[in-house]
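S.K.: Input: one structure, supplied below.
The values are calculated or read from the model by the stated rules, or taken from the named source; none is laboratory data. This structure is a prediction, so every number in the text was calculated from the model and none was measured. All Cβ positions, glycine included, derive from the backbone under ideal geometry; neighbour counts span all protein chains shown. Please note that ligands, DNA and RNA were not included when accessible areas were found on the heavy atoms of the full protein model with its side chains. Shrake-Rupley method; radii C 1.70, N 1.55, O 1.52, S 1.80 Å.
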Amino acid sequence: MMFVVLAGAMALGTAAFGWGAVPVLAFAYGVWRGPRKSGALAAGSALLGWGAIMLWTWTQGPLVDLLSALGAIMGLPDVVLLLATGLFPALLAGSAAVVGGAIRRT
Amino acid sequence: MKATAATWGNAALLVAGLYAGARPIGPLPALGTFLDPAGGIWASVRSATLPEDVTHYVPGLDTEVRIVYDDWRVPHIFAESVEDAVRGLGYAVARDRLFQLELQTRATAGTLTELVGEVALDVDRRSRRLALAWAAERDFSRIEPESEIAAYLQAYSDGVNAWMAEMSPAEVPLEYRLLGREPMAWQPQYSLYLLKQMGWTLSMLDTERRKNAAAGLVGREAADGLFPVNSPIQEPIEPNGEGAARFEAVVLPPPGDPVPAMMTQLEAMSAFLGPLEVHDGRSGEMVLGSNNWAVGPSRSAEGHAILAGDPHLDFTLPSIWYEAHLVVPGELDVYGVTIPGTPTITIGFNRDLAWTFTNTGSDAMDLYRETVDDVAAPGSYLLDGEWLPFDERVEEYLSPRGSVLAVDTILHTHRGPVSQSGGEHLSLRWTVLEGQGELAALMGVNQAGSVDEWMAAMESWVAPTQNGLVADRQGNIAIRATGRYPIRPARTGGDWAYDGASSNNDWQGYRPVASYPGSVNPAQGYLASSNQQPVDPTIDDRYLGANWPSPWRAMRINELLRQDSLFTAADFASFQTDPGSPRADVFVSAFLEASTGTDGPTESGMLLAEWDRRYTVDNTRAALFERAMRELQNRTWDELTDSNGRRLVTPRTAILATLLRDPRNAWWDVRSTPDVVETRDDVLSASLATALEGARDTYGHESDGGWVWSRVATANVDHVLSFSPFSARDLPIRGGPETLSPNAGNGGNGASWRMVVELGEEVEGRGIYPGGQSGHPLSSAYKQQIEDWVGGRLRPLRFPRTVEEMANISRSRATLRPESHQ
């Protein structure tokens, strides 16, 4: 349940405040829950939160066209940008939650 | 200890992630703002389609403006005052073309480095050396603050900035996301920048550079023959009463001795104005030309005037043009294309008349060789025996983050900016830098009610010189080559650099408007222009320019219009993609004659003879002809190559056509065969035979399908940043070098807007351009018109009088309200 709630918070936070909301929320979650498993849960939530926005974006316009165009412009396989869009918030959230948990422990 | 290491590792990861998220690294944009699915690059997808209805509040607006988009995403802007209509235009253009607005403006201002970094430094340096933005700022400072022009510039700026204030993160053009930049605010004077840019594109001629290069290689007399003041084929814009094009009996002076000093001057000119474009022989001709023509009631099937126009410019996505319709009851009701960034319709029609332009290509710039006090560190220049101090302008080039990349000090004489290279100091005098009247002219033109009013409005036009063609509902047609023509010292043209040490070489004013080339309601019942020499020199031999484009397109359209028939708008639309070619008619005959011996025609001759001389998409012989033309030019103009074997300049094909009449001229002799003196027919037959070998090597055997024209020559419409997924390439189009719809070189330029207007009881326009209204690459309106453009089809241009008439065709609406109503 916490996973889904945090994912929703990540999605709403990103929509309202931009990408910076992800590490802030994850850090706060780490401080609240402590270090145990908070990194993985925050990372998964960020992935799910951004994934949900991407899914919604996909229903709003030609996302696949953009993906393949960007891949061609940057000389990368299309999937790399998609993976980066998932990994970037996951890494930020995971590391922020661990750091937050460590601060709580001290 | 293990847990601490993991924590530190995560902390490092977090810091790295935050840094990469917030700051660009190398060419990569900041990842956070880029990948953010709610407001980053992915969000662009959500703005590909216009919302059905929006309301925005705009500062400065007096009353509500309604913008109704039709099924081609053309905004029909209904306002209560011209100023408010202009605000609506600024808003609509920014909404669809924001990135293009900034890119074009920065290109003129020489501030591209601030957008794309150091890679643009050389381009920026050239722009600033030419003083375009400097001149625009000076012109802006001279506009009366209370004048109508000032109000329109401010209104347009308000509209652009209002859109920027209202747009959501998803509506920020995705190019900004890719570059990791934010849009810049619009200033009223930027509209003048774009008019200067138009002047640069259309009047920066290379006459002096070409002649210098030729003189450096073969002497001045030969250079004068190769790049003459008068076209050797006369088919002028101002009717000369002759029933056909006239080929002058010109004898080209033979190649002479090289003049090395001319090459030094050429280097200085190239450092200033840019290097000469080296043609690869495919056409040897510019294609940044245009066509326009009109018939009066006596030559139209419906008994009223019809006008057609198609400016030929570089193809880009989004297009250089943006369609719009502005309606202010009782004051303005005009439809046409605008250059994004300018507050008027440039080419179009209103309820009373239609107009269009072709470039005149007159000589509007001169170079002066200045004598300076100190070549290494000049502080003053010599004029009539006195040393005058240079004016100095310091130009600073900034990176996207604001650091200084370079600083230049640019000198000015009383003539204009100065450039130095190899010890030569050249100053530039150019009408584009001498004030502006284009905006007032276009605003007047938009509201003109008759040919006379239109011609009067155009009198303030300065540069670039344009062949403005107009037709009205009363059946009048008129053309005038409008723009400032410098009066130069007696017995000189501006086709060579002047000695700057004497004020006798300065311009002595401008020709009066009444003396401009032109014609009103001529007896022949039609008017046409295609960038050819405007006046027959046997009628008026005053210097207007030199090295005029070969009049092949002019010959073709005159040939079509001289037919004994009455024309319709549909005829005009088909003429715009007519595949016929007087150039091919002249040269194919010559090739065939030279390739037919006592044993009959050669194999290459037989193959060429199968061609109907039309550049249709599916023809299979134009490829052979074009290769033969390239070979012919390589062999004939072999004296014009530098020590690396690179041909520096290529005379117009009209000069080559003239040379065909002189079979033993020294130019036919090929330098690489010193033991043989070649004649015209030797060169023609050898060129054709080599072309056949080359065609088979490149395209395969003629029976294998590789010679189909649509595979050999295509049009390419590239994105403004050359992003290939956002470009439209390899488009098969009808036309070849110097046909009415030209297709040559890299396929990157040609008919940028085609328009035909019938001026009957109701004015009916048709048009098309190779692009679409939206600058959003994911929008269905981004390339919407390309398919019809490729097919040579025009679409009816919707011209409603009221919002209510748009009920069935409206796709989207935007309502702009005064800020005070918020």
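S.K.: Kindly establish whether B:Asn505 is out of contact with any Asp or Glu (no Cβ under 8 Å at 6 or more places or on another chain) and either under 30 Å from B:Leu89 (Cα atoms) or open to solvent by 10 Å² or more (accessible area, probe 1.4 Å) (or both).
M.R.: For B:Asn505, the condition - out of contact with any Asp or Glu (no Cβ under 8 Å at 6 or more places or on another chain) and either under 30 Å from B:Leu89 (Cα atoms) or open to solvent by 10 Å² or more (accessible area, probe 1.4 Å) (or both) - is not met.
S.K.: So, one more: In the stretch B:79-92, is there at least one residue being in a helix (DSSP H, G or I) and within 14 Å of chain A (Cβ to nearest Cβ)?
M.R.: So far as the stretch B:79-92 goes, no, none of its residues is in a helix (DSSP H, G or I) and within 14 Å of chain A (Cβ to nearest Cβ).
S.K.: To continue, here is another question. I'm told B:Arg711 meets every condition in (1) open to solvent by 10 Å² or more (accessible area, probe 1.4 Å); (2) at pLDDT 95 or above; (3) not in a loop (DSSP other than H, G, I, E, B) except one. Can you identify the failing condition by its number?
M.R.: That leaves (2) as the condition not met.
S.K.: Here's something else I'd like to know. Test each condition in (1) among the basic types (Lys, Arg); (2) buried (at least 21 other Cβ atoms within 10 Å of the Cβ); (3) closer than 18 Å to B:Ser300 by Cβ for B:Arg556 and report the one that comes out false.
M.R.: Among (1) among the basic types (Lys, Arg); (2) buried (at least 21 other Cβ atoms within 10 Å of the Cβ); (3) closer than 18 Å to B:Ser300 by Cβ, the lone unmet condition for B:Arg556 is (3).
S.K.: Next question, about the same structure. Output yes when any residue across the stretch B:183-192 is touching a Phe, Trp or Tyr at 6+ places or on another chain (Cβ under 6 Å) and either free of Cβ contacts under 8 Å to residues at least 12 places away in the same chain or within 14 Å of chain A (Cβ to nearest Cβ) (or both), and no when none is.
M.R.: Within the stretch B:183-192, not a single residue is touching a Phe, Trp or Tyr at 6+ places or on another chain (Cβ under 6 Å) and either free of Cβ contacts under 8 Å to residues at least 12 places away in the same chain or within 14 Å of chain A (Cβ to nearest Cβ) (or both).
S.K.: Scan the stretch B:499-518 and give yes if some residue there is assigned to a loop (DSSP other than H, G, I, E, B), within 30 Å of B:Leu759 (Cβ to Cβ) and touching a Leu at 6+ places or on another chain (Cβ under 9 Å), otherwise no.
M.R.: Yes; the residues of the stretch B:499-518 include at least one that is assigned to a loop (DSSP other than H, G, I, E, B), within 30 Å of B:Leu759 (Cβ to Cβ) and touching a Leu at 6+ places or on another chain (Cβ under 9 Å).
S.K.: With the structure loaded, tell me whether B:Ala584 is surrounded by 23 or more Cβ atoms within 10 Å (Cβ to Cβ), at pLDDT 95 or above and closer than 21 Å to B:Glu702 by Cα or whether it fails that test.
M.R.: yes
S.K.: Taking the conditions exactly as written (within 18 Å of B:Trp461 (Cα to Cα), among the charged types (D, E, K, R), surrounded by 19 or more Cβ atoms within 10 Å (Cβ to Cβ) and in contact (Cβ under 8 Å) with a residue 60 or more places away in the chain), does B:Lys196 satisfy them or not?
M.R.: Criteria met by B:Lys196.
Residue-wise test of (1) charged (D, E, K, R); (2) at the interface with chain B (Cβ under 7 Å from one of its Cβ atoms); (3) crowded, with 18+ Cβ neighbours inside 10 Å; (4) assigned to a loop (DSSP other than H, G, I, E, B).
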position: A:Ala42; (1), (2), (3), (4): no, no, yes, no
position: A:Ala46; (1), (2), (3), (4): no, no, yes, no
position: A:Gly49; (1), (2), (3), (4): no, no, yes, no
position: A:Asp65; (1), (2), (3), (4): yes, yes, no, no
position: A:Thr85; (1), (2), (3), (4): no, yes, yes, no
position: A:Phe88; (1), (2), (3), (4): no, yes, yes, no
position: A:Leu91; (1), (2), (3), (4): no, yes, yes, no
position: A:Ser95; (1), (2), (3), (4): no, yes, yes, no
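S.K.: Within the stretch B:127-153, can you find the residues that are assigned to a helix (DSSP H, G or I) and open to solvent by 70 Å² or more (accessible area, probe 1.4 Å)?
M.R.: Pass one, the stretch B:127-153, residues assigned to a helix (DSSP H, G or I): B:127-129, B:132-141, B:148-153.
Across the stretch B:127-153, the qualifying residues are B:Trp134, B:Ser141, B:Glu148.
S.K.: Determine if the stretch B:363-378 includes at least one residue that is crowded, with 23+ Cβ neighbours inside 10 Å and either among the polar types (S, T, N, Q) or in contact with a Cys (Cβ under 8 Å, 6 or more places away or on another chain) (or both).
M.R.: No; the residues of the stretch B:363-378 include none that is crowded, with 23+ Cβ neighbours inside 10 Å and either among the polar types (S, T, N, Q) or in contact with a Cys (Cβ under 8 Å, 6 or more places away or on another chain) (or both).
S.K.: Among the numbered criteria (1) more than 28 Å from B:Asp224 (Cβ to Cβ); (2) assigned to a loop (DSSP other than H, G, I, E, B), which one does B:Arg729 miss?
M.R.: For B:Arg729, the exception is condition (2).
S.K.: Can you find a residue in the stretch B:513-520 that is open to solvent by 20 Å² or more (accessible area, probe 1.4 Å) and either charged (D, E, K, R) or farther than 29 Å from B:Thr346 by Cα (or both)?
M.R.: The answer is no, given that none of the residues of the stretch B:513-520 is open to solvent by 20 Å² or more (accessible area, probe 1.4 Å) and either charged (D, E, K, R) or farther than 29 Å from B:Thr346 by Cα (or both).
S.K.: May I pose another question? Out of the stretch B:321-356, which residues are assigned to a loop (DSSP other than H, G, I, E, B) and in contact with an Asp or Glu (Cβ under 7 Å, 6 or more places away or on another chain)?
M.R.: B:Arg351, B:Asp352
S.K.: Still on this structure, I have one more. Can you name every residue in the stretch A:97-106 that is open to solvent by 60 Å² or more (accessible area, probe 1.4 Å) and facing chain B (nearest Cβ under 10 Å)?
M.R.: Across the stretch A:97-106, the qualifying residues are A:Ile103, A:Arg105, A:Thr106.
S.K.: Scan the stretch B:432-454 for residues that are touching a helix residue (DSSP H, G or I) at 6+ places or on another chain (Cβ under 9 Å) and within 18 Å of B:Ile345 (Cβ to Cβ) and report the count.
M.R.: Of the residues in that region, 15 qualify.
S.K.: Moving to a separate point now. If I ask for residues that are assigned to a loop (DSSP other than H, G, I, E, B) and more than 22 Å from the chain's Cα centre (by Cα), which ones from the stretch B:758-783 would you list?
M.R.: Of the residues in the stretch B:758-783, the ones assigned to a loop (DSSP other than H, G, I, E, B) are B:760-762, B:769-783.
Within the stretch B:758-783, B:Gly760, B:Glu761, B:Glu762, B:His776, B:Pro777, B:Leu778, B:Ser779, B:Ser780, B:Ala781 qualify.
S.K.: Could you tell me which residue of the stretch A:21-38 is modelled with the lowest pLDDT, considering only residues that are more than 18 Å from A:Thr85 (Cα to Cα) and at the interface with chain B (Cβ under 10 Å from one of its Cβ atoms)?
M.R.: Step by step, filter the stretch A:21-38, then rank; the result is A:Pro35.
S.K.: Just checking, how many residues over the stretch B:210-241 are touching a residue at least 60 places away in the same chain (Cβ under 8 Å) and part of a loop (DSSP other than H, G, I, E, B)?
M.R.: 12
S.K.: Is it fair to say B:Leu383 is of a type outside the set (Lys, Arg), surrounded by 17 or more Cβ atoms within 10 Å (Cβ to Cβ) and more than 18 Å from B:Glu208 (Cβ to Cβ)?
M.R.: Against the criterion (of a type outside the set (Lys, Arg), surrounded by 17 or more Cβ atoms within 10 Å (Cβ to Cβ) and more than 18 Å from B:Glu208 (Cβ to Cβ)), B:Leu383 qualifies.
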